[in-house]
1. Hey, can you tell me all the residues within the range 176-187 that are crowded, with 17+ Cβ neighbours inside 10 Å and either among the polar types (S, T, N, Q) or not in a strand (DSSP E or B) (or both)?
2. Only helices (runs of 4 or more DSSP H) wholly contained in the range 93-165 count here; list those with 3 or more residues that are closer than 24 Å to S318 by Cβ.
3. Which residues, taken from the range 278-335, are polar (S, T, N, Q) and in contact (Cβ under 8 Å) with a residue 24 or more places away in the chain?
4. Pick from the range 188-208 the residues that are of a type in the set (G, A, S) and part of a helix (DSSP H, G or I): which of them is farthest from the chain's Cα centre (by Cα)?
5. Please tell me if S260 is closer than 27 Å to V175 by Cα and among the hydroxyl-bearing types (S, T, Y).
6. Please go through (1) over 25 Å from T259 (Cα atoms); (2) surrounded by 21 or more Cβ atoms within 10 Å (Cβ to Cβ) for Q84 and return the number of the only condition it doesn't satisfy.
7. Considering the range 68-94 alone, what residues qualify as being under 15 Å from the mean Cα position of the chain (by Cα) and of a type outside the set (V, I, T)?
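The values are calculated or read from the model by the stated rules, or taken from the named source; none is laboratory data. Please read all numbers here as calculations on a predicted model, not as lab measurements. Don't worry about glycine lacking a Cβ; one is built from the backbone with ideal geometry, like all the others, and counts go over all protein chains shown.
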Amino acid sequence: MESKLINKDRRLPRVQQVVEFIRKGIEKGQFKFDDQLPTINGFSSRYGVARDTVEKAYRLLKQSGHIRSMPGRGYFVDARKKDQLRILLVLNKLSAYKKIVYNSFVKTLGDRARVDLQVHHYNFRLLKEIVESKMGQYHYYAIMPHFDGKLKQADLIKTLNKVPEDELIILDKRVKGLKTGCIEVFQDFEKDIYQALVSAKDILAKYTTLSIILRTDSLHPKEIIDGAGKFCEQTGRKFSVLSGLEEETLTPGKVYIDTSESDLAVLLKKSKEQGLVPGKDIGIISFNETALKDLLNITVITTDFAAMGTKAAECILSNKKEKIANPFYMIRRSSV
């Protein structure tokens, strides 16, 4: 029961926040049938809510059949857990990768939950509107907080903090400075790419230079540059960031890391035109696994998108507020 109750940024009156807190606790299974609730004075003291507010909330909960009072004994849960949880999943974009997250999330939850899907398309105003308009309608809010570098971190934190921390799930990307009581299943982009490259030192030994292709309008986390740069600094390799390949001549002895399928296509086309063999003359590593990259024998570094959805759902079902670094690894193929 220990969670933040009153949120000044929320539009609900305090009486309704107390009602919602207990009602959702019953529906999530945190408060079970016949459990004794704190006294009015005890609840008031524990959560910093006025005694009159708690008394009004308990009265409403009695009227709705959620709790009962027994003279001389106190207040008890009188309702049973509902079969389905209501969950809002907010993705940053629709893509094959995000579809994998969605499918594994829904599959793991099974008939225990109904999942509604929204997409903010990297538009912070849209995310803010979604959060503010959907407050109080769901048991959990699972959000992918990917935005460009122009967004002020404080604005993002303020919006996410409008969701009660025991109802918030952060997926894919951590938000520094966010409250700590939420579920997180995330990629550590700088650490992940660094460790993936370290794990492949043997097959990278023949390359003296590494370049990441990251266009200026790319919304990929810039932390991947720091991770790759750290690897090159420690291994004595030259390192560069390319904004595109259209004007580039591929260089033998260099390994290229692409972050988009269009850049991978340009890489393969240019290597063919220049008579360079991937895995022999140049190296090619692509972000995120697809069936096509498997067929083309392209080495990839990728997170486990299915695991991301599965782990988040498991945290909900077990009611555990975990912080989980999602698996990230390199799949070795002939292009390096």
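1. L178, C182, Q187
2. The qualifying helices (runs of 4 or more DSSP H) are 96-109.
3. Those that are polar (S, T, N, Q) and in contact (Cβ under 8 Å) with a residue 24 or more places away in the chain: S286, N288, T290, N297, T299, T302, T303, T310, N319, N326, S334, S335.
4. Checked the range 188-208; the qualifying residue farthest from the chain's Cα centre (by Cα) is S199.
5. In short, yes.
6. The number of the failed condition is (2).
7. Selection gives L88, L89, L91, N92, K93, L94.
For every residue, the table says whether it meets (1) among the hydroxyl-bearing types (S, T, Y); (2) modelled with pLDDT of 95 or more; (3) more than 25 Å from the chain's Cα centre (by Cα).
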site	(1), (2), (3)
S218	yes, no, no
A228	no, yes, no
C232	no, yes, yes
S260	yes, no, no
K270	no, yes, yes
G275	no, yes, yes
A291	no, no, no
L296	no, yes, yes
A307	no, yes, no
